[in-house]
Amino acid sequence: MKKLLDYLLDFLFPRVCVACKKNHLSSEKFICYECLIDIPKTNSHLQQIELIERKFWGKLAVKHTYSFLKFSKKGKVQNILHALKYKNKPELAEYLGKMYANDLKEVNLNEKIDLLVGIPLHKDRQKFRGYNQSDMFAKGLSEVLNIPYSTTCLKRNTFTISQTKTGSRFKRHENIKGVFEIADLKEIEGKRIAIVDDVLTTGSTIEIAGNLLLGNGCKELYIITIASAY
Ligand SMILES: [Zn+2]
């Protein structure tokens, strides 16, 4: 009976793979089998990737950056990130978190990290989207790795920043200073924390949040992202 229903639902509402945008079967969740096989992983859990780590050299004391997927423009990973941001798919972020956690289990990440902290979204953006994809990704990681995650210790201040109109990296930097605030010091003191974000490009937002955490009692800092551009 369930199979018949699935068949009917597939027929009436064809599911589309978030990576290749082709129709897929109801037994496949979000991403079709074909894409699951050849999705570009970084494997940064097995070996540190210099092109990723160097984004923070001299700027932020990161122990290790773990990025699940390799981002490339117009590629499948970009489609996945787009679906996360604009297609109302909080479960997709959680699903990716669980998937990546299975890789991270291999390197016993739960023994290295005490707390996962998602980069908070601007309030208006979160209201519009209905969820924070970084928190949902952290939730998925948390469930499989048994590492708690916090959505409350780091807060994003509400003033607006105009990142688009600023040219230099330095200026952009100045603009986002003060964008975050620690809401609960006790939650981070003496902890080994992993900042969780969706995509790592220049790393400037993570840099600000990370330095704030390290300056307020966080013992060691890690980064975990869904994707990384390098
Ligand atoms: Zn696909």
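Some points to look at:
- Using alpha-carbon coordinates, inclination of helix 133-145 to the longest axis of the chain, degrees: 80 degrees
- Theoretical gain in end-to-end length, Asp184 to Lys73 [0.36 nm per residue, Cα-Cα removed]: 36.2 nm
- Portion, in percent, of the accessible area of the chain that falls on carbon or sulfur, probe 1.4 Å: 53 percent
- Relative to the dominant Cα principal axis of the chain, helix 76-86 is inclined by about 80°.
- Of the residues Lys87, Lys127, Lys76, ranked by 1.4 Å probe accessible area with the largest first, the sequence reads Lys127, Lys87, Lys76.
- Take each peptide in 200-210, 30-40, count the other Cβ atoms within 10 Å of every residue, and average; sorted highest first, the result is 200-210, 30-40.
- Taking the longest Cα principal axis of the chain as reference, the axis of helix 90-105 is set at about 70 degrees.
- Theoretical ellipticity at 222 nm over the chain - DSSP helices of four or more residues, -39500 (n - 2.57) apiece, nearest 500: -11000 deg cm²/dmol
The values are calculated or read from the model by the stated rules, or taken from the named source; none is laboratory data. Remember, predicted model here, so these are calculated numbers, not experimental data. Glycine gets a Cβ as well: all are built from the backbone with ideal geometry, and neighbour counts include every protein chain shown. When the accessible area is computed, the model is the full protein with side chains, heavy atoms only, and any ligands, DNA or RNA have been set aside. Shrake-Rupley method; radii C 1.70, N 1.55, O 1.52, S 1.80 Å.
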